[in-house]
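Undergrad: To start, I am sharing the structure in question, which I have written as structure tokens.
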Amino acid sequence: MAMKIAVHGAAGRMGQRVVALASADSRYQIVAALESATHPAQGQDAGLLAGVGKLGIPLAVVGESDADVVIDFSVPDAAIAVLTHCLEFNKPLVIATTGFDVPQDDYIRESARKIPIVWAPSMSPAVNLLMKLTETAAKSLRDLPTGVDVEIIERHHRFKEDAPSGTALRFGKIVAEAMGQESHIHGRHGRPGERPRNEIGYHALRSGDNPGEHTIIFGMLGETIELKVAASNRDCYAQGALIAADWIIDKPPGLYSMNDVLGL
Ligand SMILES: NC(=O)C1=CN([C@@H]2O[C@H](COP(=O)(O)OP(=O)(O)OC[C@H]3O[C@@H](n4cnc5c(N)ncnc54)[C@H](O)[C@@H]3O)[C@@H](O)[C@H]2O)C=CC1
Ligand SMILES: O=C(O)C1=N[C@H](C(=O)O)C[C@H](O)C1
């Protein structure tokens, strides 16, 4: 029987791709397409909006449904609201939204004691694999006598609201845990002087319709390593979220990552 999915943020760039991919796959059935009460497309068919033909599922506000699992690509406050709904109705949740503040992070962790949650800044299998490779590189280079300068560059479309990306921050956390950098700076200007060794620099570019690109630079004296992953469209994230939904459905309460989902 097909897994029943509710998509939260269904009219957004990502929500539409989740609706489109799920509707083309017999393992999934979209049963709810949830959107902000003020969205101009409220009431319109989610399939028509996503360009895949009528599904008979109108955009609606969060409410009771027979969904087996909820996939969230929205904005932080709305993601927290749908999480509260999932707690009330005991539904597994895949959280893909980024840009939470610290109390919201804590609320997600606390909620995962009661329901299963997959939470990842990137649902892309390639990005999550690159995180593993980055960890390996960082651990291998940690004690290099000449020192290693780590810089993280991310590029995204002009519409993105948070910066740096959740994924860039996660790459930085992975590197810092392996190498011990304590200073995290965002861009440089003026006369910052010689680069300190214990620093990670983040650089967030916003340009055109770029669906997401991350480069981790390990700069040494005499050579450089660059680890790079780039999306050519949004389906890597949407497909990853559907894989996560499939995986989480029979799991006990807990906070899970894409490493758990993908067995990395
Ligand atoms: N983890 C991952 O793999 C990925 C995460 N993201 C993140 O997902 C989020 C959404 O990204 P996009 O789809 O590009 O943004 P978007 O702005 O196109 O879509 C967000 C949608 O959420 C809706 N929304 C706002 N308030 C709502 C509410 N109260 N209830 C229900 N829906 C509400 C908006 O109306 C909008 O349609 C961002 O935080 C982004 O960083 C994006 C791509 C991949
Ligand atoms: O907003 C986006 O588009 C993306 N956001 C995520 C992030 O902030 O890391 C993931 C992906 O890079 C696309």
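The values are calculated or read from the model by the stated rules, or taken from the named source; none is laboratory data. These numbers were taken from a predicted model, which means no experiment stands behind them. Backbone-built Cβ (ideal geometry, glycine too); neighbour counts: all protein chains shown. Only protein heavy atoms, including side chains, enter the accessible area calculation; ligands, DNA and RNA are left aside. Shrake-Rupley method; radii C 1.70, N 1.55, O 1.52, S 1.80 Å.
Undergrad: So how much slack lies between Glu161 and Thr84, counting 0.36 nm per residue of separation and subtracting their Cα-Cα distance, in nm? The partial results should precede the final answer.
TA: Values: separation 77, 0.36 × 77 = 27.72 nm, distance 2.31 nm.
Between Glu161 and Thr84, full extension yields an extra 25.4 nm.
Undergrad: Using a 1.4 angstrom probe and counting only protein chains, how large is the accessible area of Lys132 in Å², to 10?
TA: Spelled out: Lys132, probe radius 1.4 Å, area about 70 Å².
Undergrad: How long is the gain from Leu144 to Glu226 if the chain were fully straight, where each residue apart is worth 0.36 nm and the alpha carbon distance is subtracted? Intermediate values should be presented prior to the final figure.
TA: Working: separation 82, 0.36 × 82 = 29.52 nm, distance 1.66 nm.
Result for the pair: 27.9 nm of gain on full extension.
Undergrad: A further question on this structure: At His189 and Ala37, where each label point lies 7 Å from the Cα along Cα→Cβ, what is the point-to-point distance in nanometres?
TA: 4.0 nm
Undergrad: Using a probe radius of 1.4 Å on heavy atoms only, what accessible surface per residue do you get for segment 125-230? Whole Å² is fine.
TA: Details: 5880 Å² over 106 residues.
Here the per-residue accessible area is 55 Å².
Undergrad: A further question on this structure: Given a Förster distance of 51 Å, report the FRET efficiency between Ile249 and Glu199 from their Cβ-Cβ distance, rounded to the nearest 0.05.
TA: Details: r = 42 Å, r/R0 = 0.83.
Once rounded, the FRET efficiency stands at 0.75.
Undergrad: So, one more: Between Asp209, Asp45, Asp235, find the one with the highest GNM mean-square fluctuation for the chain; connect C-alpha pairs within less than 10 Å.
TA: Its mean-square fluctuation being the largest, the pick is Asp209.
Undergrad: Any idea what the relative contact order of segment 1-139 is, in percent, if you count C-alpha pairs under 8 Å spaced at least 6 apart? Can you show the working numbers first?
TA: Details: 243 pairs, mean separation 28.1, N = 139.
Averaging sequence separation for qualifying contacts and normalising by length gives 20 percent for segment 1-139.
Undergrad: Next up: At q = 0.18, 0.25, 0.26 Å⁻¹, what base-10 log of I(q)/I(0) does the Debye formula yield for segment 135-219 when every alpha carbon is treated as an equal point scatterer in vacuo?
TA: Results for segment 135-219 at q = 0.18, 0.25, 0.26 Å⁻¹ read -0.77, -1.22, -1.27.
Undergrad: When all C-alpha to C-alpha distances in the chain are sorted into bins of 10 Å, what percent of pairs does each bin hold, rounded to whole numbers?
TA: 7, 29, 33, 20, 9, 3, 0
Undergrad: With a 1.4 Å probe and all protein chains left in place, how much of the accessible area of the chain comes from carbon and sulfur atoms, in whole percent?
TA: Of the solvent-accessible surface of the chain, carbon and sulfur hold 51 percent.
Undergrad: Find out how many positive minus negative residues lie around Phe218, taking Lys and Arg as positive, Asp and Glu as negative, among other residues whose Cβ is under 14 Å from that of Phe218. Provide the component values of the computation, followed by the final result.
TA: Values: positive: Lys139, Arg142, Arg195, Arg197, Lys228; negative: Glu135, Asp143, Asp149, Glu151, Glu199, Glu223, Glu226.
Value of the local net charge: -2.
Undergrad: Set the bar at 31 Å for Cα to Cα. Now go through Lys91/Lys160; Lys91/Lys139; Lys4/Lys114; Lys160/Lys228; Lys91/Lys228 and name every pair that lies beyond it.
TA: Over 31 Å Cα-Cα: Lys91/Lys139; Lys91/Lys228.
Undergrad: Which residue, Arg27, Arg188, Arg142, tops the fluctuation ranking in a GNM of the chain built on C-alpha contacts under 10 Å?
TA: So, out of Arg27, Arg188, Arg142, the one fluctuating most is Arg188.
Undergrad: Label segment 214-264 by shape, choosing from rounded, prolate and oblate, from the square roots a ≥ b ≥ c of the eigenvalues of the Cα gyration tensor; if a/c is under 1.5 it is rounded, and otherwise prolate applies when a/b is larger than b/c, oblate when it is not.
TA: Details: a/c = 5.05, a/b = 2.08, b/c = 2.43.
Since a/c reaches 1.5 but b/c is at least a/b, the shape of segment 214-264 is classed as oblate.
Undergrad: If you restrict to DSSP beta bridges whose two residues both lie in the chain, what percentage is antiparallel, to the nearest 5? Walk me through the numbers before you get to the answer.
TA: Details: 15 of 47 bridges.
Percentage antiparallel, nearest 5: 30.
Undergrad: Still on this structure, please answer the following. Calculated FRET efficiency, Gln44 and Tyr107, Cβ-Cβ r, R0 51 Å, to nearest 0.05?
TA: Details: r = 31 Å, r/R0 = 0.61.
Once the sixth-power term is evaluated, E becomes 0.95.
Undergrad: Net charge near Ala67: determine it from the other residues with C-beta under 10 Å of the C-beta of Ala67, scoring Lys and Arg +1 and Asp and Glu -1. Before the final figure, lay out each step's value.
TA: Values: positive: Lys4, Lys91; negative: Glu64, Asp66, Asp68.
Here the count lands on -1.
Undergrad: At 1.4 Å probe size, what's the solvent-accessible area of Arg197? Round to the nearest 10 Å².
TA: Surface open to solvent at Arg197 totals about 120 Å².
Undergrad: Follow-up. Determine the relative contact order of segment 125-230: mean sequence separation of Cα pairs under 8 Å and six or more apart, normalised by residue count, in whole percent. Don't skip to the answer; put the middle values down first.
TA: Values: 177 pairs, mean separation 41.6, N = 106.
Averaging sequence separation for qualifying contacts and normalising by length gives 39 percent for segment 125-230.
Undergrad: Also, quick follow-up: Probe 1.4 Å, all protein chains in place: accessible area of Cys86 in Å², nearest 10?
TA: Number for this one is 0 Å².
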